[in-house]
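**Student:** Below is a structure I'd like to ask you about.
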Amino acid sequence: MAQVMERVDVCVVGAGHAGCEAALACARMGLETVIFTVSADSIALMPCNPNIGGSSKGHLVRELDALGGEMGKNIDKTFIQSKMLNVSKGPAVHSLRAQADKAQYTAQMRRILENQEHLTIKQAEVCELLTEEIEGEAGKKRITGVRIFTDMIYECRAVILCTGTYLNARCLCGEAITHTGPNGLQSAVHLTDCLKKLGIQMKRFKTGTPARMDGRTIDFSKMEEQPGDERVVPFSFSTDPESVQKPQVSCWLTYTNEKTHEIIRANLDRSPIYAGIIEGTGPRYCPSIEDKVVKFSDKPRHQVFLEPEGLSTNEMYVGGMSSSLPEDVQLAMYRSVPGLEHCKIVRNAYAIEYDCIDARQLYPSLEFRQIRGLFSAGQFNGSSGYEEAAAQGLIAGINASLRLMGREPVILDRSQAYIGVLIDDLITKDNREPYRMMTSRAEYRLLLRQDNADLRLREIGYQAGLVSEEEYRAVCCKKEQIKKEVMRLKETMVGASAPIQEFLTRHESSPLKTAASLAELICRPELSYELLAEIDPARQKLPADVIEQVEIELKYEGYIGRQRKQVEQFKRMEEKKIPQWLDYDEVPSLRLEARQKLKEFRPVSVGQASRISGVSPADISVLLVFLEHYVPTVK
Ligand SMILES: Cc1cc2nc3c(=O)[nH]c(=O)nc-3n(C[C@H](O)[C@H](O)[C@H](O)COP(=O)(O)OP(=O)(O)OC[C@H]3O[C@@H](n4cnc5c(N)ncnc54)[C@H](O)[C@@H]3O)c2cc1C
C-alpha cells in the first residue's frame, strides 16, 4: 500500500546536467528539494564527449553562470585542457571549450549537491506523477507528488522532469540490444505510460556515442597534437583567472580514410540505423560515422579527435566516430585509422533510443500548459547536449521556485540570451530531431556574446535570488567602468602632432589630417586599446574584462547599434501579448493552416506566433489588426 515518505516543496526527477542545475536552484532559493536518480554514482554523468562548451555551447555555460548556475564553476575546477575557439573570427563566435576529467566532474558536482542546504539526493526510480483536478478549470490539473518504485510517495507542490536519455532507453550495438540507459545503467521503464495517461505527447529520439580506447594501444606519433591555450580563460565569472592556470593535457587529431569508408559501406546492412531497427530520430549535427560516409560520400576523409577521458584513466574518447555498427566492424573500422592500428576497445560505440516530449506543450517558463507545477528540462525536452540541458534545468528550477513563491517567472527572450533562443526554439518549433544549439540560430548574436553574459544576465540572477549581493555589485561597478571609459575615449581628442603621427606611422596606421578621438583611433584594425596606452597618459588602470568590453563596444559600434535597432522591432512584437482565451475561429481571414496551428499551440505573443511554422506574415498582420480592434488590451 503506497505510503507518504516525505512532504517537500519540489521533486526533481533526474540528476543529470539539467536535474543538478534545477535542484540546486530550488534549494538555493530556499525550497525543500529532493533530487531522484536511478544511480547516485552517475550524478552529472558525461556519457558522451568529455568536454564542456564549444561553439555556442560555451555561450550557454557563460549565461548559466551569470544567472547563478553551477556548471561553469564545476568545469573550472575539473578541466584538464581549455581552448578559446574561433579567435580568428569576430567576438560573436568566440567560444570557450574545456576538456573535463569526467570522474572528477561527476565527483565535484556530487559534492556540491551533497552539501547543499535544503537538498536531498535519493537513488530511486520515479514511476508515477500524482495530480489532482483544479477546481473551475476544466481539463487542468496540478501536481501533488511522485510515487517511486518502492511504492513510497513524496508529496510536493512542483515536479521538474529531467529524465534525459533514460526513459524506456534501449542501447544498440549492431544486433546486440540492451534495455539499459547509458553506460549500462538502469533504464526508467514506468514513467512514460503515466505521462501518456496525463495526455502528454511523447516522442522517440536517439543519439549515439563513439568507442573508448585503451590509450596505451594508440600510436600518437601518427597524429597531430592539439594542445590547450597557454593562458586559460575561466568559464565562471566568479572564478579567479589565476586559479585556472595549470598544466594541461593534449588532444590528438587523425583522419578516417578510404579503407575506413569501405569497411563501413560494406557493413551498412548490419547497422541498426540502416537496417531500420532504430526507431528514434537522431541529431543531424552530431552524425554517426555511418551517416557521414553515406551523406558526405564525396569527402575522402573525416576528422577524428582522440580526447582523454580523465587524468586517472587511460581511456580515450574517439570524437567524430560515433557508431552503432557491430563490434567486429567497429574494431576493423577504428583499426583502419592512422594511429589506431593496434587499438583495443574498452567500451563499444553504441546508439541509444529514449522517450522525450514535444516541448510545444510547455510555456516559455518550461511549465506544462496542462499541468500546473509540472516543469521539464534537458534531453527530455528534445534537446541534445550537456550545456543545453543545464541551461534549461536552471530556468526550470528558478521558475518552479518562483511559481511556489507566487512570483512572475523568468522568461529570457531571443534578444537577451542564447538560453532564450534555445527555449523559444524548443517550445515553438516542430523539432523532428534532437535540438543542438548553434550560433547561427541566434539572430542577435553580436549582442549575445559569451564575453558579456554577466552584463546581460547577472541582474536577473540577482533578482531571482541566485546571485549574491557582492557578485551583483561587482557587475554594476563593471558596467559603470565600461560606460565611463567609452565616454572618456570618445571625448579625449588627439591632434595631428608629430609624436602622434610618429606613433601612427610606427603602427602602420595612416596619419591624422585633423584631430581625432581616441575612440576613433581604437576603431582602426591595426590599433588597439593596449597600443594606445602610449598616447593616452590620462588613462586609469582598468581590469582586463572591462578593457575587453570597451574595445568591442568601440570597434563594433556600428554593427552593435544596428542590431540594437533590430531588437527594438523584435521586442515590439514580443510585447504584443495574445490572451490565452482568444478564439481563433473569430479572427476573420486567417488562413486555415494558420488557424489550426494557432489553436493547437496557443502562442503567448504575436512574436512567438510569427515563429510557428505555417503562420505567414500575412496571418500575423491579420492577427495584429484583430488584437488592436477587437480584443481588450492584455497586460
Ligand atoms: C550514448 C549517448 C550519446 C550522446 N551523444 C551526444 C552527442 O553526440 N552530442 C550531444 O550534444 N549530446 C550527446 N549526448 C547527450 C548528453 O549526454 C545529454 O544531452 C545530457 O546528458 C542530457 O542531460 P540531461 O540532464 O537532460 O539528462 P541525463 O544526463 O541523461 O540525466 C538524466 C537523469 O535522469 C535520471 N532518471 C531518468 N529517469 C528517471 C526516473 N524515472 N526516476 C529517477 N531518475 C530518473 C537518471 O538517473 C539521470 O540522473 C549523448 C548521450 C548519450 C547517452
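**Student:** With +1 on each Lys and Arg Cβ and -1 on each Asp and Glu Cβ, and nothing else charged, work out how big the dipole of segment 205-275 is about its Cα centre, in Debye to the nearest 20.
**Tutor:** Value, rounded to 20: 400 debye.
**Student:** So, one more: Over the chain, with the other protein chains present, what is the accessible area per residue in square angstrom, probe 1.4 angstrom?
**Tutor:** Result: 42 Å² of accessible area for each residue.
**Student:** If the chain between L85 and A538 were fully stretched, how many nm would it gain, using 0.36 nm times the residue separation less the Cα-Cα distance?
**Tutor:** Using 0.36 nm per residue and subtracting the Cα-Cα distance, I get 159.6 nm.
**Student:** I'd like the carbon and sulfur percentage of the solvent accessible area for segment 282-388, probe radius 1.4 Å, heavy atoms only, ligands and nucleic acids excluded.
**Tutor:** Carbon and sulfur together cover 50 percent of it.
**Student:** Rounded, prolate or oblate: which fits segment 76-235, taking a ≥ b ≥ c as square roots of the Cα gyration tensor eigenvalues, rounded meaning a/c under 1.5, else prolate when a/b beats b/c? Display every interim value, and only then the final one.
**Tutor:** Numbers: a/c = 2.22, a/b = 1.76, b/c = 1.26.
Prolate is the answer for segment 76-235, as a/c is 1.5 or above and a/b outweighs b/c.
**Student:** Grab the DSSP H runs of the chain that are 4 residues or longer, score each as -39,500 (n - 2.57), total them, divide by all residues and round the 222 nm result to the nearest 500 deg cm²/dmol.
**Tutor:** Values: 19 runs with 213 residues, N = 635.
The helix-only estimate for the chain comes to -10000 deg cm²/dmol at 222 nm.
**Student:** Next question. What fraction of the DSSP beta bridges in the chain is antiparallel, stated in percent and rounded to the nearest 5?
**Tutor:** Details: 55 of 80 bridges.
Taking every DSSP beta bridge within the chain, about 70 percent pair in antiparallel fashion.
**Student:** Continuing with the same structure: Write out the GluC sites (Glu not before Pro) in segment 556-635 meeting two conditions: DSSP loop, and at most 14 other Cβ atoms within 10 Å of their Cβ.
**Tutor:** Qualifying residues, ordered by number: E575.
**Student:** Quote the FRET efficiency, to the nearest 0.05, computed for E526 versus M493 with a Förster distance R0 of 25 Å and r equal to the Cβ-Cβ distance.
**Tutor:** Using R0 = 25 Å, I get an efficiency of 0.80.
**Student:** For the residue pair L592 and E575, what label-to-label distance in nm results when each label sits 7 Å from Cα along the Cα-to-beta-carbon direction?
**Tutor:** 3.8
**Student:** How far apart, in nm, are the 7 Å Cα→Cβ label points at K140 and Q303?
**Tutor:** For the pair K140/Q303, the computed spacing is 5.0 nm.
**Student:** Go ahead and run the numbers for FRET between V4 and R204, Cβ-Cβ distance against an R0 of 35 Å, rounding to 0.05.
**Tutor:** Once rounded, the FRET efficiency stands at 0.55.
**Student:** Once you've got the Cα coordinates, tell me which of K140/K577; K89/K555; K83/K555; K490/K555; K203/K292; K141/K597 are over 19 Å apart.
**Tutor:** From K140/K577; K89/K555; K83/K555; K490/K555; K203/K292; K141/K597, over 19 Å: K140/K577; K83/K555; K203/K292; K141/K597.
**Student:** Further question: Just how far, in whole angstrom, is segment 366-407 from segment 584-615 if you go by their alpha carbon centroids?
**Tutor:** 25
**Student:** Loop only by DSSP, 14 or fewer other Cβ within 10 Å of the Cβ. Give me the chymotrypsin sites (Phe, Trp or Tyr not before Pro) in segment 293-356 that pass, ordered by residue number.
**Tutor:** Listed in order of number, the matching sites are F296.
**Student:** Return the FRET efficiency for the residue pair T313, L253: r is the Cβ-Cβ distance, R0 is 25 Å, and the value is rounded to the nearest 0.05.
**Tutor:** According to the calculation, E is roughly 0.75.
**Student:** Between E175 and T514, what length in nm is gained on full extension when 0.36 nm per residue of separation is reduced by their alpha carbon distance?
**Tutor:** Here the answer is 114.4 nm.
**Student:** OK, next. Can you pull the three principal axis extents for the Cα set of segment 356-493, in Å, largest first?
**Tutor:** 59, 36, 21 Å, listed from the longest principal axis down.
The values are calculated or read from the model by the stated rules, or taken from the named source; none is laboratory data. Just so it is clear, the model here is predicted, and its values are computed rather than measured. Note that we place each Cβ from the backbone using ideal geometry, even for glycine, and neighbour counts take in every protein chain shown. Surface areas here come from the heavy atoms of the whole protein model, side chains and all, with no ligands, DNA or RNA. Shrake-Rupley method; radii C 1.70, N 1.55, O 1.52, S 1.80 Å.
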